[in-house]
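Participant: Right, I'll just put the structure down here and ask away after.
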Amino acid sequence: MKKLYLFLLLISSIASIQAQKNIHNLIVGTYTNSCSSRGIYVYEFNSEKAQLRLKKSSDSIASPSYVSLSKDGKFMYAVNENGNESTVSALGFDQASGKPSLINQVSSKGADPCYLINDDNNVIVANYSGGNIAVFGKNADGSLTEAKQVVQHYGKGINPDRQEKAHVHMVYFSPDKKYVLSNDLGTDKVYVYNYNSTATSDVLTLKDSVSVTPGSGPRHLKFDKKGKYVYLLQELNGEITSFSYKEGKLTKVFETTILAKDFKGTFSSADIEISPNGKFLYASNRGEANNISVFKIKKKGKLQLKGQTGTLGKGPRSFAIDPTGKFLLVGHQYTNNIVIFKINKKKGTLTDSGKSFDLCSPVCLIFDEGTNAKKRK
């Protein structure tokens with residue numbers, strides 16, 4: 001009887017551990033100026049059942065359109081996209097309860113910030129309308145200092161409606177954290193900066209820049225799993241450009257499109273992600289397309305288009321793949337919902353799970369991969 005009890009206890013413990021591995025926090029940033037939203041929402045996502053459960057939300061903050069989590073999971077950093085009044089927020093984060101709590105806000109030093117990254121020392125922000133990059137220090141309590149540095153971009157592109165000046169759309173660490181890459185939609189360039197994380201002023205110094213197709217509008221990029229290739233998604237022409245990468249140097253090796261051959265409508269490329277197994281790349285498209293293109297990642301930075309899947313909503317600005325690689329969740333800015341797709345891990349294809357959840361203007365989805373080690377409350 002005692003052996004049976006111990007055996008059942010062991011089975012129960014294994015089941016409990018497995019259940020915890022299937023639970024992750026999904027953090028969603030929203031626009032607050034088009035419908036009723038408190039800003040940041042934290043959901044519990046069950047990757048076994050494809051279920052979302054709302055845990056907590058922030059107290060009301062203005063349009064946190066991009067959110068970044070600290071490495072230890074104790075803090076969140078968010079842009080507050082609000083024209084010339086834009087700010088950057090530092091928030092404490094309780095991973096177990098899911099509650100974000102505002103610590104402080106500082107001026108973003110540029111209009112309409114749309115992306116940010118952070119490490120142990122700094123928070124680095126891309127200001128879209130301001131056309132610049134702002135670097136903020138971190139205090140011990142997670143709060144933000146005033147800006148250490150502002151790097152202004154100059155120039156314009158051939159599209160008079162979208163490229164009348166510089167528009168910084170992204171900042172991104174290289175895998176070794178020695179460099180910061182920055183996409184500028186307005187100037188059709190990717191800038192590479194040397195990164196000195198402990199500097200008090202010149203945290204970023206320009207190392208190089210690479211020009212892409214005029215009028216293409218570089219928006220988002222991703223490194224492959226080995227850090228040898230970079231995939232750049234361009235908003236205005238729907239292209240993906242592959243670069244080989246080594247020590248801050250980008251060299252173009254391949255280019256393709258996320259558009260179907262027979263597509264004739266309006267489009268606006270948005271987000272790009274790579275599956276956890278490193279085998280597939282996904283890119284979302286808005287406008288009249290409202291779909292996600294699926295690519296198989298081939299050798300030497302090449303991509304093979306596997307097809308497109310409609311996202312069942314309008315404005316798929318952001319999507320996220322859960323840490324298990326089983327599901328892809330799409331946030332729709334204009335139909336105000338999150339739709340869950342199942343991923344075929346062998347083929348990369350997407351199928352509708354039949355599950356969706358209403359939320360005002362979700363435009364940033366990120367998973368907190370540390371939560372499966374936390375006890376649920």
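The values are calculated or read from the model by the stated rules, or taken from the named source; none is laboratory data. Note that the coordinates shown come from a computational prediction; the quantities given were computed from them, not determined experimentally. Please note: Cβ atoms are built from the backbone with ideal geometry, for glycine as well, and neighbour counts cover all protein chains shown.
Participant: Can you work out which of the residues in the stretch 229-238 that are in contact with a Leu (Cβ under 8 Å, 6 or more places away or on another chain) and closer than 17 Å to L303 by Cα is surrounded by the most Cβ atoms within 10 Å (Cβ to Cβ)?
Facilitator: L233
Participant: Among the residues of the stretch 175-195, is there at least one that is under 18 Å from the mean Cα position of the chain (by Cα), surrounded by fewer than 23 Cβ atoms within 10 Å (Cβ to Cβ) and not in a strand (DSSP E or B)?
Facilitator: Yes - at least one qualifying residue is present in the stretch 175-195.
Participant: Still on this structure, please answer the following. So which of G278, G265, G217 ends up being touching an Asp or Glu at 6+ places or on another chain (Cβ under 7 Å) and touching a residue at least 60 places away in the same chain (Cβ under 8 Å)? Steps first, please.
Facilitator: Values: G278 fails: touching a residue at least 60 places away in the same chain (Cβ under 8 Å); G265 fails: touching a residue at least 60 places away in the same chain (Cβ under 8 Å).
On inspection, the qualifying residue turns out to be G217.
Participant: Residues to consider are A111, A140; find the one that is free of Cβ contacts under 8 Å to residues at least 12 places away in the same chain and either surrounded by fewer than 19 Cβ atoms within 10 Å (Cβ to Cβ) or outside any strand (DSSP E or B) (or both).
Facilitator: Details: A111 fails: free of Cβ contacts under 8 Å to residues at least 12 places away in the same chain.
Going through A111, A140 in turn, just one is free of Cβ contacts under 8 Å to residues at least 12 places away in the same chain and either surrounded by fewer than 19 Cβ atoms within 10 Å (Cβ to Cβ) or outside any strand (DSSP E or B) (or both): A140.
Participant: Next up: What's the total number of residues in the stretch 264-304 that are surrounded by fewer than 17 Cβ atoms within 10 Å (Cβ to Cβ) and not charged (D, E, K, R)?
Facilitator: Summing the residues that are surrounded by fewer than 17 Cβ atoms within 10 Å (Cβ to Cβ) and not charged (D, E, K, R) in the stretch 264-304 gives 6.
Participant: Here is a further query. Quick check: anything in the stretch 23-31 surrounded by fewer than 16 Cβ atoms within 10 Å (Cβ to Cβ) and either at pLDDT 95 or above or not in a strand (DSSP E or B) (or both)?
Facilitator: Within the stretch 23-31, the subset surrounded by fewer than 16 Cβ atoms within 10 Å (Cβ to Cβ) is none.
Scanning the stretch 23-31 turns up no residue that is surrounded by fewer than 16 Cβ atoms within 10 Å (Cβ to Cβ) and either at pLDDT 95 or above or not in a strand (DSSP E or B) (or both).
Participant: Quick check on my filter: what residues within the stretch 58-81 are surrounded by fewer than 22 Cβ atoms within 10 Å (Cβ to Cβ), small (G, A, S) and over 16 Å from F367 (Cα atoms)?
Facilitator: Selection gives S60, A62.
Participant: Give me the strands (runs of 3 or more DSSP E) completely within the stretch 263-377, filtered to those with at least 3 residues that are within 20 Å of the chain's Cα centre (by Cα) and farther than 22 Å from N25 by Cα, ordered by residue number. Even if it seems obvious, please write down each step before you answer.
Facilitator: Details: elements: 269-274, 280-285, 291-297, 303-310, 316-321, 327-332, 337-343, 350-358, 362-368.
So the answer is 280-285, 291-297.
Participant: Now for a separate question. Under 9 Å by Cβ, and 6 or more places apart or on different chains, what pairs join a residue from the stretch 40-57 that is surrounded by fewer than 16 Cβ atoms within 10 Å (Cβ to Cβ) with one that is assigned to a strand (DSSP E or B) and of a type in the set (S, T, N, Q)?
Facilitator: If the second residue must be assigned to a strand (DSSP E or B) and of a type in the set (S, T, N, Q), the pairs left are R53/N46.
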